[in-house]
1. Could you tell me which residue out of Ala196, Asn209, Leu172 lies farthest along the dipole of segment 143-216 toward its positive end? Charges go on the beta carbon: Lys and Arg +1, Asp and Glu -1, centred on the Cα centre.
2. Given a 1.4 Å probe and every protein chain left where it sits, what share in percent of the accessible area of the chain is carbon and sulfur?
3. Label Asp318 and Asp223 with points 7 Å out from Cα along Cα→Cβ: what is the distance between them in nm?
4. Under a Cβ-only charge scheme (Lys and Arg +1, Asp and Glu -1), can you give me the dipole magnitude of the chain about the Cα centre, in debye to the nearest 20?
5. Magnitude of the Cβ-charge dipole of segment 170-318, K/R +1 and D/E -1, about the Cα centre, nearest 20 debye?
6. For segment 80-188, just say rounded, prolate or oblate: build the C-alpha gyration tensor, square-root its eigenvalues into a ≥ b ≥ c, call rounded for a/c under 1.5, and beyond that prolate if a/b exceeds b/c, oblate if not.
7. Among Ala212, Ala243, Ala196, which one shows the biggest mean-square fluctuation in a GNM of the chain, springs joining Cα atoms closer than 10 Å?
8. Using only the Cα atoms of segment 178-266, build the gyration tensor, take square roots of its eigenvalues as a ≥ b ≥ c, and label the shape rounded, prolate or oblate: rounded if a/c is under 1.5, else prolate if a/b is larger than b/c, else oblate.
Amino acid sequence: MGSIVMTGGGTGGHLAIVRAVKEALDEAPVYIGSTGGQDRQWFGEDAGFVARYFLETRGVVNQGFAGKIRSLGLLGKAVLRARRLLREHQASVVFSVGGYSAAPAAMAAILSGIPLVIHEQNAVSGSLNRLLRPFARAFLSSYDEESSVKAYPVKSIFFEKARVRHMPRTILFLGGSQGAVAINNLALELAPALKARNISILHQAGERNIDAVRRAYEAMGIDAEVFGFSDRIPELMERADFAVARAGASTLWELAANGLPTLFVPYPYAAGDHQYHNAAFLAERNLAWVLREAELEPGRVLDLMKQDLSIPSRGLIDFTPRNGAEEIAKLLKTLAV
């Protein structure tokens, strides 16, 4: 069996897929990413790969004319380097999660006749994934009825800690490690009403906002648990009965796996408005709620929390398939023979 090569990244959402599938494989794969984005931060020291390469690339889409020319020049050089790496490691399948980091190895796979498997995290495909989909051996997406694997690669701990919620005793505000101003403001506006209802607050305010948000709670005499980055997200979700969160794909499916009823507040500047469409996928099935930032009002959120939370909670647990990483790993191993 030849080697499995994994590529793509730039953002944590992409890289979380690579990590989850890598951990489900029997043998260590090769990783090809970019010097840009978070690729090196995530995998620069990861001994779970046979080898790790970070090629000089950058995005093309959001560049001016001169920037596009430079980015395409870097891409051409990186594709040639990636072809050499695929030959060197006798690659038999390339697994791409998209993002500009994925372009060199994914394109090199197509040029070399090596099977390409693409995983699209979002309800709206990224530009590279749309471009390369016709050339892929398999295109995987939790939102696509034609996908052979619909289960999102969520860590098993989120399923293991799932429970059916009923009444809101604790609310979790998830703005990501960088924070979300709209969610922070909503949390602080809601805080007095939540205190009056004896609802505890867990609040991911973002590393830059922790001190200001803590002071705001203290000024109101409210004891909230405020944090920035945390590696205890599964435990925090387990404690919560209701959540308010952005709608990045990994966060969305972790909340779904945990059975945690959630109001999604999409990041308004996400490419293709994909966060809104991610959330709408669940909201249309009455498994979640979605409001734009401009629609956020404390009263509306409190009304949502008055509902019987067991209905969406149980629905999420029944709807969300398990073993996504294992199913993708099985597919890659089949193609790698």
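The values are calculated or read from the model by the stated rules, or taken from the named source; none is laboratory data. Just so it is clear, the model here is predicted, and its values are computed rather than measured. Ideal geometry is used to build each Cβ from the backbone, glycine not excepted, and the neighbour counts take in all protein chains shown. What goes into the accessible areas is simple: the full protein's heavy atoms, side chains included, and nothing from ligands, DNA or RNA. Shrake-Rupley method; radii C 1.70, N 1.55, O 1.52, S 1.80 Å.
1. Positive-end residue among those listed: Ala196.
2. Carbon and sulfur: 50 percent of the exposed surface of the chain.
3. Distance between the two pseudo-spin positions: 3.9 nm.
4. With Lys and Arg at +1 and Asp and Glu at -1, about 780 debye.
5. 140 debye
6. prolate
7. Ala196
8. Taking the square roots of the gyration eigenvalues as a ≥ b ≥ c, segment 178-266 is prolate.
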